[in-house]
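Report on the following structure.
Since every read-out is calculated from the coordinates, none of them should be taken as a lab result. It should be emphasised that the depicted structure is a prediction, and the values quoted were computed from it without experimental measurement. Cβ: placed from backbone, ideal geometry, glycine included. Neighbour counts: every protein chain shown.
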Amino acid sequence: MPDTVHVLNGPNLNLLGTREPEIYGRTTLADLEAACRDSCERHGLNLVFRQTNHEGELVTLLQQARGSLGVVLNAAAYTHTSIAIADAIKAVGLNVVEVHLSNVFAREPFRHHSYISPVARGVICGLGIDGYRLAIDALAASRNS
């Protein structure tokens, strides 16, 4: 498990490729998973890739990631609303990189606040799927530090 990265995606990310492509692009969730798998394989890491539309399930997935190398987390809209997700990250001591496909700071003001950022190792936003690759690179590098 220490050589496993969990990539966890929140609500509506199952609609990638068709939902607001002017913001999120045409990349599908399957494309994103393939890119993450390639990045993990390059580093000799295992990948657990999940998506859920349910806050409580995302909390459970975070708890299940305990003992892993880390989590790439795109909590989507829950980023801006969920104390429960932030508490789950703190409770299990996860090494989390918060990722957003779009630049949340160039969007509506309510998206500028994150409950995840204060408990995350780092935040990447606005780089599309490359943000996920960079997050995996950062987690892989943390093995050596």
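Counting every Cα pair in region 69-142, what percent are over 17 Å apart?
39
Ranked by Cβ crowding within 10 angstrom, fewest neighbours first, how are T79, T28 ordered? Provide the component values of the computation, followed by the final result.
Values: T79 24, T28 14.
The order, fewest Cβ neighbours first, is T28, T79.
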If every Lys and Arg gets +1 and every Asp and Glu gets -1 at its Cβ, then about the Cα centre region 3-47 yields a dipole, in debye to the nearest 20, of 40
Scoring the chain by relative contact order with C-alpha pairs under 8 Å, at least six apart, yields a percentage of 28
Whole-Å distance linking the alpha carbon centroid of region 97-145 with that of region 1-49 is 13
Most packed first (mean Cβ within 10 Å per residue), the peptides 56-65, 132-141 order as 132-141, 56-65
With label points set 7 Å from each Cα along the Cα-to-Cβ direction at R42 and S142, the distance between them in nm comes to 1.9
Residue by residue through region 49-54, the couplings from Karplus 6.51 cos²θ - 1.76 cosθ + 1.60 with θ = phi - 60°, in Hz, x for Gly and Pro, are 10, 9, 9, 8, 9, 10
re region 7-145: pairs of Cα atoms spaced beyond 27 Å account for a percent value of 12
Along the dipole axis of the chain (charges at Cβ: +1 for Lys and Arg, -1 for Asp and Glu; origin at the Cα centre), the most positive-end residue among L134, Q51, G25 is L134
